Every structure is written in C-alpha cells, then in structure tokens.
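Asks: Let me begin by handing over the structure; questions about it come next.
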Amino acid sequence: MVIYQNKVINSLSGDVFSLDVGDFTILYNFAIKGESTRHSIITTQNKKTVSKKIDNLHKNGFLKLRKTTPFQNQPHKSTKFFGLSLKGFLASLHYCKVEENYLTKKYLKGIKNKKQSKLILCYLKNDLLCFFTYNSIRGITLNKMNHISDWFENYDSLSGFTEYEEKLLKELVDKRDKSWDNLDKLIPKKSILGNYVDTWYFHMDDFTDGLSFEEIIKNMGEPLDMAKPLWEQFPDSPFFKSLKKLSD
C-alpha cells in the first residue's frame, strides 16, 4: 500500500506541474538535502545550468530564499541558501517520497507519539492523493498558482466530472476520511493537534518560512475550551515546558 501510494503521488505530481527533468531533479535534491546553497545541488547538469534553473524556480515560487551569509572576505558577494516553498514541496514529490522530504520530517518531528506520527503521515498521503487526483483530472497545472495552501480549501467540488471520475474521487475521499477517523481516536478531544493536522498545508507553509513546531503551535492560539494546556499535550517539548514554568 505504501509503495502504491508513493508511486501514484509521484506520477500525479508530474501531471499537475509542467516542469522538465532538470527542474524536478533540482527540487528532489532540495527535498532530500533541505535548505542548501546552489553550489551544493549536484546533478548531471552543468553548474551554470543548475544555477540558472534555481533562479527560475525561485522566481516562479518553487523555492524560497531562506538566508544570505557573507562570502568569505568579499563584501559585495554573498552565499544564498534556498529551501522549498509549499509549491516546491508538492512538485518535489514527483521524484521524492513524502516521508523522505525534509519538510515532512520537520512537520512530524514535534509528534513524539509514534503511532500518532504514523497515522498523521497516512492521512497526509491520502489528502495529497485527493488533491493531486482532483487537479489532474481537471487538467489543472499549478505552475503559476500562488497561495496554493488556499487552494487546498477550495479545490474539491465534484461538479463537472464524469460518473466514473466521481466514483473514483469519492473512493479517495472516503479513504482519506477513514484515515482521519483512525487518527482522531488517538487525539484528545479539543486538542490543538487536530487543527495542526487538519490544515497541515498552512503549517507546512510556515515551516518553509523557518518557523519551528513550537512556534507554529503557539501561533495557532489556544482554543478557549482546550482540554489540556500545551505543556500537557506536548510533554516532550522543552519549549512548552518553559511556558509551564512561567505560568506557575
């Protein structure tokens, strides 16, 4: 099942992003390495071609400039570090497995319960299958789309599909919803973790901007009727333990 999911996601990502092999290869390198300089991205293409493609991927929203550092003792030169955007994350899945992507690892790193983490990854993959399949069947290309996280909120209308396509999509949605139900049984009622998973694409976007798991959870705000304070929901987090000390 895992092999099947990965292969289908790989294929569908290539359907909705019209990039060439060189672009996909560069995005794969970033997906595996994480935030990197252009010179650390090694492919069969020459360095000049890679550098130009990185500039284009950055210009078109697949990469984000994460930071710049001075280049040796030359004040007019700097070293740039790039990372995947949410769009770049989605496109990198044409070659990269979801679980091997550095952004997925960042997203799951704060989940210390291994069973929860496994079920969250399962839900994530099923949600991606729905997203890619809807867009692929509609013939939508996402290259020029900005704010893709917002599109996750609006893409899933069933209007305009054939009977067979509707049946296929409903099966995928049912499978996604079942994976959510399995996860929901392990999430305490009124826990902020449910919101973290339900809108994972917004928080994945936060990770592309360099936020930590603790910062994202804190920025989400605590529901007024939340069952437990954050340091009890995430007991292994030093950050939330420090919040507890401040509240004592």
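The values are calculated or read from the model by the stated rules, or taken from the named source; none is laboratory data. For clarity, every value in this text was computed on a predicted model and none was experimentally measured. Here the Cβ positions follow ideal geometry from the backbone for every residue, glycine too, while neighbour counts run over all protein chains shown.
Asks: Just to verify a result, which residue in the range 85-139, among those that are of a type in the set (Gly, Ala, Ser) and part of a loop (DSSP other than H, G, I, E, B), is nearest to the chain's Cα centre (by Cα)?
Replies: Here is the first cut: in the range 85-139, the ones of a type in the set (Gly, Ala, Ser) are 85, 88, 91-92, 110, 117, 136, 139.
Narrowing the set further to residues that are part of a loop (DSSP other than H, G, I, E, B) leaves 85, 110, 139.
Values: SER85: 8, GLY110: 15, GLY139: 22 Å.
Applying the filter and picking the extreme gives SER85.
Asks: Mind listing just one residue for me: the one in the range 1-58 that is over 29 Å from THR133 (Cα atoms) and within 21 Å of the chain's Cα centre (by Cα) and, of those, surrounded by the most Cβ atoms within 10 Å (Cβ to Cβ)?
Replies: The extreme case among them is ILE41.
Asks: When you go through LEU124, LEU86, LEU108 one by one, which is the residue that is of a type in the set (A, V, I, L, M) and out of contact with any Phe, Trp or Tyr (no Cβ under 7 Å at 6 or more places or on another chain)?
Replies: Residue meeting the stated conditions: LEU108.
Asks: Have a look at LEU12, LEU19 and point out the one that is part of a loop (DSSP other than H, G, I, E, B), closer than 29 Å to LEU121 by Cα and among the aliphatic types (A, V, I, L, M). Even if it seems obvious, please write down each step before you answer.
Replies: Values: LEU12 fails: part of a loop (DSSP other than H, G, I, E, B).
Checking each option against the conditions leaves just LEU19.
Asks: Kindly indicate which of PHE81, PHE17, PHE71 is at pLDDT 95 or above and of a type in the set (Phe, Trp, Tyr).
Replies: One residue alone meets the criteria, PHE17.
Asks: Let me ask something else. Considering only the range 84-110, state which residues are closer than 22 Å to ASP55 by Cβ and either of a type in the set (A, V, I, L, M) or in contact with a Gly (Cβ under 7 Å, 6 or more places away or on another chain) (or both). Don't jump to the end; show me each part of the working.
Replies: Keep residues of the range 84-110 that are closer than 22 Å to ASP55 by Cβ, which gives 84-92, 94-96, 102-103.
Selection gives LEU84, SER85, LEU86, LYS87, LEU90, ALA91, HIS94, TYR102, LEU103.
Asks: So GLY61 fits all but one of (1) assigned to a helix (DSSP H, G or I); (2) closer than 24 Å to LEU129 by Cα; what number is the exception?
Replies: Single failed check for GLY61: (1).
Asks: OK, next. Considering every residue within the range 156-163, establish whether at least one is assigned to a helix (DSSP H, G or I), exposed (fewer than 14 other Cβ atoms within 10 Å of the Cβ), in the same structural domain as CYS122 (by TED's automatic domain parsing) and over 22 Å from the mean Cα position of the chain (by Cα).
Replies: Yes, the range 156-163 contains at least one residue that is assigned to a helix (DSSP H, G or I), exposed (fewer than 14 other Cβ atoms within 10 Å of the Cβ), in the same structural domain as CYS122 (by TED's automatic domain parsing) and over 22 Å from the mean Cα position of the chain (by Cα).
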